[in-house]
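Everything below concerns the one structure shown next.
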Protein chains: 2
Amino acid sequence: MRTAEPAAAAAPSLVGPDRLAEFFAPRSIAVVGASDASGWARFVLASAAATGFAGPLIPVHPRHRSVFGRPAVRSLRDLAEPVDLAFIMVPTGAVDEVLDDAAAAGVRGAIVLASGYREVGGRGRARERAMADRARAHQITVLGPNCLGFINAHARAGPFALTVPLPLLAGPVGIALQSGALASVVLAFARSRAIGVSTLATLGNEAMITATDVVEYLIADERTKVICLFLEEIGDARAFAAAARKADLAGKPIVALKAGSSQAGSEAALAHTGSVAGDDAVVDAALRQLNVIRVSSLEELLCTSAVLGYGRPPRGRRMGVLTSSGGACDIIADRAAGEGIELPEFAPQTVAAISAHLPSFARARNPLDATGYFLANQRTSPLTTVDHALDAAVDDPGLDFVLFSGVTLPEARPADERAAALVEDRVAWLGQRIASAPIPVMSVTSTCVDVTGYSRDLLGRHGIHLLGGIDLGVQAIANAIRWAEGRGRVTSGRRWPAAVRDVSEPPRSLAGPGGVWREADARRLLADFGIPAVPAELARSGDGAVAAARRLGYPVVLRVASAQIPHKSDIGGVALDLRTASQVRIAFRRVRAAGARALADAGDAIRAPGIDGVMVSRMRTGGIELLAGVSVDPTFGPVLAVGLGGIWVEAMRDVSLRVLPVDADEVTRMLAELRGAALLRGARGTAPVDLDALARVIARLGEAALSLGGSLRSLEVNPLWADRDQIEALDILIVTAPPDRRAAAPSQNGPRT
Amino acid sequence: MRTAEPAAAAAPSLVGPDRLAEFFAPRSIAVVGASDASGWARFVLASAAATGFAGPLIPVHPRHRSVFGRPAVRSLRDLAEPVDLAFIMVPTGAVDEVLDDAAAAGVRGAIVLASGYREVGGRGRARERAMADRARAHQITVLGPNCLGFINAHARAGPFALTVPLPLLAGPVGIALQSGALASVVLAFARSRAIGVSTLATLGNEAMITATDVVEYLIADERTKVICLFLEEIGDARAFAAAARKADLAGKPIVALKAGSSQAGSEAALAHTGSVAGDDAVVDAALRQLNVIRVSSLEELLCTSAVLGYGRPPRGRRMGVLTSSGGACDIIADRAAGEGIELPEFAPQTVAAISAHLPSFARARNPLDATGYFLANQRTSPLTTVDHALDAAVDDPGLDFVLFSGVTLPEARPADERAAALVEDRVAWLGQRIASAPIPVMSVTSTCVDVTGYSRDLLGRHGIHLLGGIDLGVQAIANAIRWAEGRGRVTSGRRWPAAVRDVSEPPRSLAGPGGVWREADARRLLADFGIPAVPAELARSGDGAVAAARRLGYPVVLRVASAQIPHKSDIGGVALDLRTASQVRIAFRRVRAAGARALADAGDAIRAPGIDGVMVSRMRTGGIELLAGVSVDPTFGPVLAVGLGGIWVEAMRDVSLRVLPVDADEVTRMLAELRGAALLRGARGTAPVDLDALARVIARLGEAALSLGGSLRSLEVNPLWADRDQIEALDILIVTAPPDRRAAAPSQNGPRT
């Protein structure tokens, strides 16, 4: 359910896996609003035929006696017996009445095609809510509105208002799309690559059935081995995360093309769905945390699903490559290196076995160019050099899987029976060898061309799936490896969004405008969580500053203390490297004056207590400065960002993100992801930072942020200073919601409006 | 020509464009070594049929009377009249004799299929040279050895020993491949996307005809509009650069898939061709400088060629997008943003014109989702919403081109004549509108599926080419834009490799082992080229150092001066920030002792003058440190590298490269490419660096390096210090070949052995 309203509490039974199993396998369908003039109705009839739908398919229209030659009824109320599903393609204004008719007729499922709902904003949103409430009251499960229906290839049901490219191949890939028009495109590509589909659902506006509901259904669906999503938005992050965790436990990979990676893309999504996109980098991090494989093209979406749906995922990154082309070897090796896939040397026994079949001038190395030398003389055996190489390589103990680029078939069955037998015996042998092989074998074509007719049927008969070209194929394999590597780490997702603890209390009086905390309060919160901060004291006079400096030890730093001035160095409110009492005294006057000037310049815009004094702290030199901060994403809640400070974050955007909560191990991985990670390991001759200590401190920072519950806006330590095992927050900025606005905290993740 | 030997001087006429135009359009062909058992021979006969070869095709075999039903002759000497071309598929040992026969028979062209030449190293290399010399002596042009022939679709000649996927479409794409086995793959993908080919040549070992020769031929070939290369190595960089420049002037784009981007890939190439790969980053830079579009997959290679072969390149980056799917809009917008392609708003008149055809709930924005609403009611006009949008958008003054994702055709001609007429009238209208449009229109399918049968023929009749899917399509368009933007900048390529001037003389006595210069000599060379270095003096005693420091002004830096110690800070030979005479005196002793210790540790391994003294220089603080260096690539000669110093180069590999020579404008572009470029513009609050001044200094550094001619090994300034308009070399390291080895300088680019 998208909405978290109390009214929705009774609804789950309408969209749970069992109910959706029923919904997606109707045995009888009514097409309401069907007429001979409607392209949609024509498509629904055609897709029923394409899927081999055997049940009644009844047009419903108030005026037509027959539609496309089928007898029509005037209303659902006129049905002799209830249908399982009503495909409602009437104009928007008539939908509610049809739902009433459906209820009266005992129909339990409906697809609503009409547009003019949430995607047009304003009144459309209210109309959509009313429609969903009505359906809920009628106990009718609704797909849509603004959708094009679905196809269930195994159940042979296809209430689908677009072209179904033929033949429709039933298979392991379950698909849910937040764009109806892409459904035909996805089916066409799947057809071209002989990728079989279980259920494909177009989601439309998700007034009732959400993407997450379909994911839960597909997890439960035995026919589905892999789940394939096109997403424009992730509505309820908590529900999605729970489903992703369930999928991970069940061993069903989720592959997602999430649009909106660019500003333009997210505006495009906004324009036609009315959805609000968060920061795409957060989406990226969140999906990785949930072990959802994010892809960037439709081809990659389907090919990755095919690797996972048709084969076993590799156990590791050591690949054997078998081809009949030196050029293909080069391209595969380059592509593999880009994905971090290794090409180890073959074991001696593999070299020996392969060499026995190679011409003298060729070498049995990985990647293998088996050459076209077998063409020199007539073939007497069905197997070619590359096949013998496969036979040996699958037993190589140093390989985790084999990329086999040796399947090239004639376009039609050879007229010559002997030639046809050679081809077919070979494919049968390959099918058996691949099935019996101790490691996965991925068959990859050289380029992404269609797999059709003779070769599709022959390969299908022998259980061989061909990946779509070297480029897509290696990418898809790498995605599958990443999925296998990520399994079992999806532990915290179910707690997203996480900021619901409200353990810590924001201070009674927030000094700054917009909820900025006083630094002293911020330091206290960090101390509560065991996060070390640089020794510091608040001084209210030059003498006080000198006394503080003496206690802290020189050199010191002075910073004007005012919650109204979050960025102190910008206004000259910071003095560094002060080594004597007189330097401290002069600096005190200077930074306090700078602060006063800044407040005066801001004028009446700010009504607040003003300057608290000047913070005196020990000057830290050497070591490395980092940034660690938590902000709140509208979809995923509190998100931790970690980076090296300064130029790394500003110019290089070298930041690692995670949705909270995270533990110290996860923070260690975040640090390792930074492009500048070498610095932490002592790249520039400095001593290496104690990464475990650093990770523990940053993890505690996440805990501190979460403790603020729904009032959290942001918590940032910048710089966070690290020198060997000494880690200290040098400057801290905490912002919480003003007390009167805490109820509206975005991290509560209410209905997205 | 690969070899630069004097013997080769007479050869150009054998491989020049005119001679190759004759070679690639034979009217009669003999297949030497053909037998019924040979798969190669069978393929050559089939490809003759596939290309529609009309001339005599004569098997030659010492024992067989007939081959595949054709009467055979025993030897080329037995031919009644000479053939234009001999396809020689005899074993390696028999090739030379066949060449003698060919010469006797007056044959002017030969393809050699046999392996066992350069690619097996050692004796194979000698065998190859002897074969080529023999052919040259006979005035026979040879393609190969170790190749599979060629196809010329326009001349209807196909002496090609692999499958030709049918139908073979003649078209604008000329292809040369350094991997024979990829030829069928490339043809299959071209066929699948209806991409027409002019000449496709497999190059093999390039004993005589090189990739560059074929490029020159394709530039001259009227039927070829774009040149498509698969390269494992670039043999003679100077010749290749000259050809690339010619192609740029002629407006014929070169698109290249150059293998070896990874270590594994370059090893794979090495293994099966025996070629030696240089640094791939240099290849990348060189190809960009030559405006050769480098791609990373076979699909990208062909699709980029298709954009350029079938359409006009866009004049700019402002794209209008027209689709019937919101999901496609999202994906296109994301992909475009990744390529730096803009999606501006439509002009008001475009919005008005499109809106007139849209349903009320849809908005006329860019990217446009024209929706599937036209399906609601029977079509009476051939044009759909998206077609009307195209009609308006091509006149939008704010667009440079249109991506049109609206062509979806039935798989076969509709049986209903009215429906068929609607489809065909629509395609005819689209063809005309695209042809008459003031800006280019790129038609893109949603995914990369085959274009076949009915739609291929219909679209082809109306001059519409469909790009292969959003992902590949947008990538190919972006490549075409980059090509158009890069035109006319290919000015210096013909002078590669550039280090042939020998203007400056290396100092008589090089102090360091391996050709390391004394710093004083290095400073003198830089001074000759007007490159400022930090003020410095060589001191031989503590007193001398103090005196120097007084003259130079405090603070100073001391560095041990010894050409035997190129990396001084590693051994403790540097003292920074010295502010008093006594500090200088102590530091002098320390760094000199460190130097002496280092030399002692190195022991007898080094026989050299030892320590010259201690270099005293002004200490520079603030500003920014860069690195600028020239090294010598085995293929491209001297290469300039520019980066920000320290961590940027070490950990981030943030370096910009160019093959020399470059001017200051090019250096400005190099600086702009750096990821850390923001630092130079004053990102961290420091004053911006005078980029023009910096670029001028670095360009002069390139000149200084080139002045050393063939003796140059490397010249590095690290750090190169920049503070506003003050640019200074702080440390300089020059290495030239020891005098006795200068003749073997790699930059001479002799034969690659």
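The values are calculated or read from the model by the stated rules, or taken from the named source; none is laboratory data. Only a predicted model underlies this, so the values are computations on that prediction, with no experimental measurement involved. Positions of Cβ are backbone-derived with ideal geometry, glycine not excepted, and every protein chain shown enters the neighbour counts. These accessible areas exclude ligands, DNA and RNA; they are computed on the full protein's heavy atoms, side chains included. Shrake-Rupley method; radii C 1.70, N 1.55, O 1.52, S 1.80 Å.
Yes/no matrix, rows are residues, columns are (1) under 17 Å from A:I195 (Cβ atoms); (2) among the β-branched types (V, I, T); (3) at pLDDT 95 or above:
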site: A:G431; (1), (2), (3): no, no, yes
site: A:P438; (1), (2), (3): no, no, yes
site: A:V441; (1), (2), (3): no, yes, yes
site: A:V444; (1), (2), (3): yes, yes, yes
site: A:G453; (1), (2), (3): yes, no, no
site: A:R461; (1), (2), (3): yes, no, yes
site: A:L466; (1), (2), (3): yes, no, yes
site: A:G473; (1), (2), (3): yes, no, yes
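Being in contact with a strand residue (DSSP E or B) (Cβ under 6 Å, 6 or more places away or on another chain), in a loop (DSSP other than H, G, I, E, B) and more than 14 Å from every other protein chain (Cβ to nearest Cβ) is not true of A:T199. If you go through region A:397-411 and keep only what is within 11 Å of chain B (Cβ to nearest Cβ) and either free of Cβ contacts under 8 Å to residues at least 24 places away in the same chain or open to solvent by 60 Å² or more (accessible area, probe 1.4 Å) (or both), you end up with A:T408, A:E411.
Only one entry in B:A352, B:A356 is open to solvent by 30 Å² or more (accessible area, probe 1.4 Å), over 21 Å from A:A259 (Cβ atoms), among the hydrophobic types (A, V, I, L, M, F, W, C) and without any contact (Cβ under 8 Å) to a residue 24 or more places away in the chain, namely B:A352. Region A:90-194 holds helices (runs of 4 or more DSSP H) entirely within its bounds, and those carrying 3 or more residues that are surrounded by fewer than 19 Cβ atoms within 10 Å (Cβ to Cβ) map to A:95-105, A:123-137. For region B:523-536, a tally of residues being open to solvent by 50 Å² or more (accessible area, probe 1.4 Å) and either in contact (Cβ under 8 Å) with a residue 12 or more places away in the chain or hydrophobic (A, V, I, L, M, F, W, C) (or both) returns 5. Mind checking which residues of region B:308-346 are assigned to a loop (DSSP other than H, G, I, E, B), under 21 Å from A:E300 (Cα atoms) and of a type in the set (G, A, S)? Matches in region B:308-346: B:S325 only. Pairs are defined by a Cβ separation below 6 Å, a sequence spacing of at least 6 or placement on different chains, a first member in region B:224-250 that is more than 14 Å from B:W483 (Cβ to Cβ) and buried (at least 23 other Cβ atoms within 10 Å of the Cβ), and a second member that is at pLDDT 95 or above and among the acidic types (D, E); the pairs so defined are B:A243/B:E216.
For region A:202-215, give me each residue that is away from every other protein chain (no Cβ under 14 Å), part of a helix (DSSP H, G or I) and either surrounded by fewer than 23 Cβ atoms within 10 Å (Cβ to Cβ) or among the aliphatic types (A, V, I, L, M) (or both). Passing the criteria: A:V214, A:V215.
In this structure, does A:L399 turn out to be over 21 Å from A:G309 (Cα atoms), touching a strand residue (DSSP E or B) at 6+ places or on another chain (Cβ under 9 Å) and among the aliphatic types (A, V, I, L, M)? So A:L399 fits the description; yes. When each of A:A420, A:A437, A:A393 is tested for being free of Cβ contacts under 8 Å to residues at least 12 places away in the same chain and surrounded by 15 or more Cβ atoms within 10 Å (Cβ to Cβ), the lone residue that passes is A:A420.
Within region A:365-390, the residues that satisfy the criterion of being at the interface with chain B (Cβ under 10 Å from one of its Cβ atoms), in a loop (DSSP other than H, G, I, E, B) and either open to solvent by 50 Å² or more (accessible area, probe 1.4 Å) or at positive phi (or both) are A:T371, A:N377, A:Q378, A:R379.
Being assigned to a helix (DSSP H, G or I) and either more than 7 Å from chain B (Cβ to nearest Cβ) or at pLDDT 60 or above (or both) is the filter here, so list the residues in region A:247-272 that pass it.
Across region A:247-272, the qualifying residues are A:A247, A:D248, A:L249, A:A250, A:Q263, A:A264, A:G265, A:S266, A:E267, A:A268, A:L270.
For A:V307, indicate whether it is modelled with pLDDT under 95, on the phi < 0 side of the Ramachandran plot and more than 8 Å from chain B (Cβ to nearest Cβ). When the stated conditions are applied, A:V307 does not pass them. Against the condition out of contact with any strand residue (DSSP E or B) (no Cβ under 9 Å at 6 or more places or on another chain), surrounded by fewer than 17 Cβ atoms within 10 Å (Cβ to Cβ) and modelled with pLDDT of 90 or more, how does B:R550 come out, does it pass? Yes: the conditions hold for B:R550.
Yes/no matrix, rows are residues, columns are (1) modelled with pLDDT of 95 or more; (2) in contact with a strand residue (DSSP E or B) (Cβ under 7 Å, 6 or more places away or on another chain); (3) of a type in the set (S, T, Y); (4) at positive phi:
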| residue | (1), (2), (3), (4) |
| --- | --- |
| B:V642 | no, yes, no, no |
| B:G645 | no, yes, no, no |
| B:W648 | no, no, no, no |
| B:V655 | no, yes, no, no |
| B:R696 | yes, no, no, no |
| B:P719 | no, yes, no, no |
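For region B:8-76, the helices (runs of 4 or more DSSP H) that sit wholly inside it and include 3 or more residues that are out of contact with any helix residue (DSSP H, G or I) (no Cβ under 8 Å at 6 or more places or on another chain), within 14 Å of another protein chain (Cβ to nearest Cβ) and touching a residue at least 12 places away in the same chain (Cβ under 8 Å) are B:39-51. Take region A:289-304 and flag every residue that is in a loop (DSSP other than H, G, I, E, B) and either open to solvent by less than 10 Å² (accessible area, probe 1.4 Å) or within 14 Å of another protein chain (Cβ to nearest Cβ) (or both). Result: A:L290, A:S296, A:S297.
Taken over region A:631-644, residues that are touching a residue at least 40 places away in the same chain (Cβ under 8 Å) and either within 25 Å of A:R681 (Cβ to Cβ) or open to solvent by 30 Å² or more (accessible area, probe 1.4 Å) (or both) amount to 5. Among the candidates A:A362, A:A333, A:A328, the residue that is in contact with a Gly (Cβ under 7 Å, 6 or more places away or on another chain), under 30 Å from B:L203 (Cβ atoms) and facing chain B (nearest Cβ under 9 Å) is uniquely A:A333.
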